[in-house]
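K.L.:
My structure is below; once you've seen it, I'll send some questions.
The values are calculated or read from the model by the stated rules, or taken from the named source; none is laboratory data. Model, not experiment: these values are computed from the prediction. Reconstructed Cβ throughout: ideal geometry from the backbone, glycine too, with neighbour counts over all protein chains shown. Side chains included, ligands, DNA and RNA excluded: accessible areas come from the protein's heavy atoms. Shrake-Rupley method; radii C 1.70, N 1.55, O 1.52, S 1.80 Å.
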Amino acid sequence: MSQDAGKVGDANRGAGPEEIHSGSDLLADLHATSCGLKSLASSTAVDGLEVCRRACGGHGYSSFSGIGPWYADYLPTATWEGDNYMLTQQVARYLLKSARSVLKGEKPTNDTTQILANFLSKADIGAAFDVLGKDEDIVAAFAWRSSFLTFEALKHRDEQKMAWNDLLVDFYRLSRAHSQYMVVRNFYAALSAPSTESELDQETRTLMHKLFRLYALHTLEQEASEFYTSAAVTVRQIQLSRTNAVMKLLEEIRPHA
């Protein structure tokens, strides 16, 4: 080993572990899901606390508001139990493995490989999602964006032979996109479940549905460039989401806050 010290590495990148062992299974899916959601949820909470502090003006700095100590106590969650940036690499590694299994023609075994296979079968045709009129199309648009970013990262990694560390920004965006898809998908599934209708009254269900649309359309607005680049939505849909849908939802939800 000492004889190899200081030598310049081979310019040709060798196969990484995510290439040698391509595929997906339930445990790997669970690991990637927990990594992605931990990163997304804790970062969202930290950002939300800062927004609340700013919204309170000078009172946000006061101990009386409770926000300062709360922020200080919660901020470390973006680092401990898995650094939020490092965790996104785990998600990306799993998605690349899943994409390779789909490209090999293997049968989808879970939701992740299913949306990747669906994207691959329709990539040449394109998407036409009515995100302003149909809730299921909102979920489909998030799935399309996640799949698009997955195959783009795979192209950089396998075809262009880019080093892993050169793709860390892409992996972070990919993990964030896939995690947002999981949140939107599960939010919609929970609202559509028969048990929800029996356990919640009509007023509560209506409000929860508005919150679902607010989160999904606000996220679409914030991540507009990725949705547009992936052809999941049009520029006009993004404009209408911002100027009409989101503002109207805020007006309807505000009295219940």
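K.L.:
What FRET efficiency, computed as 1/(1 + (r/R0)^6) with R0 = 25 Å and r the Cβ-Cβ distance, is obtained for Thr206 and Leu240, rounded to the nearest 0.05? Don't skip to the end; give the middle numbers.
P.N.:
Numbers: r = 22 Å, r/R0 = 0.87.
FRET efficiency, Thr206 to Leu240: 0.70.
K.L.:
Would you mind telling me the share, in percent, of accessible area of the chain contributed by carbon and sulfur at probe 1.4 angstrom?
P.N.:
Working: 8460 of 14750 Å².
C and S atoms contribute 57 percent here.
K.L.:
While we're on this one: Convert each backbone phi in region 175-190 into a coupling constant with the Karplus relation 6.51 cos²θ - 1.76 cosθ + 1.60 (shift: θ = phi - 60°), then list the ³J(HN,Hα) values in order as whole Hz, x for Gly and Pro.
P.N.:
Result, ordered by residue: 4, 4, 5, 5, 5, 5, 4, 4, 5, 5, 4, 6, 4, 5, 4, 5 Hz.
K.L.:
Show me, bin by bin at 5 Å from 0, the whole-percent P(r) of region 142-257 based on Cα pairs.
P.N.:
2, 11, 17, 17, 17, 13, 10, 6, 4, 2, 1
K.L.:
Whenever you get a sec, line up Asp135, Asp25 from highest to lowest accessible area (probe 1.4 Å, protein heavy atoms).
P.N.:
Details: Asp135 25, Asp25 80 Å².
So, going from the largest accessible area down, we get Asp25, Asp135.
K.L.:
Further question on the same structure: Which of the peptides 69-79, 153-163 is most tightly packed, and how do the rest follow, going by the mean number of other Cβ atoms within 10 Å of each residue? The partial results should precede the final answer.
P.N.:
Numbers: 69-79: 13.2, 153-163: 15.1.
Highest-to-lowest ranking by the protection proxy: 153-163, 69-79.
K.L.:
Of Leu30, Leu37, which has the most accessible area with a 1.4 Å probe, and how do the rest follow in descending order?
P.N.:
On the way: Leu30 110, Leu37 60 Å².
Sorted by accessible area, descending: Leu30, Leu37.
K.L.:
Oh, and also: Calculate for the chain the 222 nm mean residue ellipticity that helices alone would give, adding -39,500 (n - 2.57) per DSSP H run of length 4 or more and normalising by residue count, nearest 500 deg cm²/dmol.
P.N.:
On the way: 12 runs with 165 residues, N = 257.
Counting only the DSSP helices, I get -20500 deg cm²/dmol.
K.L.:
Now for a different question. Length gain on complete extension for the stretch Val169 to Thr77, per 0.36 nm per residue less the alpha carbon to alpha carbon distance?
P.N.:
Working: separation 92, 0.36 × 92 = 33.12 nm, distance 2.08 nm.
Roughly 31.0 nm would be gained on extension.
K.L.:
Also, quick follow-up: Between Val131 and residues 5 or more places away or on another chain, which pairs have amide H atoms under 5 Å apart, with H built 1.01 Å from N, and which residues are they?
P.N.:
Sorted by chain and number, the residues that satisfy this come to none at all.
K.L.:
What accessible area per residue comes out for the chain, rounded to a whole number of Å², with a 1.4 Å probe? Write down the numbers at each step before the final one.
P.N.:
On the way: 14750 Å² over 257 residues.
Normalised by residue count, the accessible surface of the chain is 57 Å².
K.L.:
Same structure, new question: With 10 Å bins from zero, work out the P(r) of the chain over every alpha carbon pair and list the percent per bin.
P.N.:
P(r) over the chain, rounded to whole percents: 6, 24, 31, 24, 10, 3, 1, 0.
K.L.:
If you don't mind, another one. Could you pull out every one of the lysines with an alpha carbon less than 28 Å from that of Lys210, ignoring same-chain neighbours closer than 8 positions?
P.N.:
Leaving aside lysines fewer than 8 places away in the same chain, those within reach of Lys210 are Lys38, Lys134, Lys248.
K.L.:
Hey, what do the phi angles of region 225-236 turn into as Karplus ³J(HN,Hα) couplings, whole Hz, using 6.51/-1.76/1.60 and θ = phi - 60°, x for Gly and Pro?
P.N.:
4, 6, 5, 6, 4, 7, 6, 6, 9, 9, 4, 5
K.L.:
Let me ask something additional. For region 31-42, take each phi angle, set θ = phi - 60°, evaluate the Karplus expression 6.51 cos²θ - 1.76 cosθ + 1.60, and give the result in whole Hz per residue in order, putting x for glycine and proline.
P.N.:
5, 5, 4, 5, 5, x, 6, 4, 5, 5, 5, 5
K.L.:
Further question on the same structure: Looking only at Gly126, Gly36, Gly57, which one moves most when the chain is put into a Gaussian network model with springs between Cα atoms under 10 Å?
P.N.:
Judging by the Gaussian network model, the answer is Gly57.
K.L.:
Now for a separate question. What accessible surface, in Å², does a 1.4 Å probe find on Arg173, ignoring ligands, DNA and RNA and rounding to the nearest 10?
P.N.:
For Arg173, solvent-accessible area is about 120 Å².
K.L.:
What pairs from Lys107/Lys161; Lys122/Lys161; Lys97/Lys161 go past 22 Å between their alpha carbons?
P.N.:
Cα-Cα > 22 Å for Lys107/Lys161; Lys122/Lys161; rest within.
K.L.:
Hey, another quick one. Report the relative contact order of the chain, percent, no decimals, based on alpha-carbon pairs under 8 angstrom and at least 6 residues apart.
P.N.:
Details: 229 pairs, mean separation 51.6, N = 257.
RCO, the chain: 20 percent.
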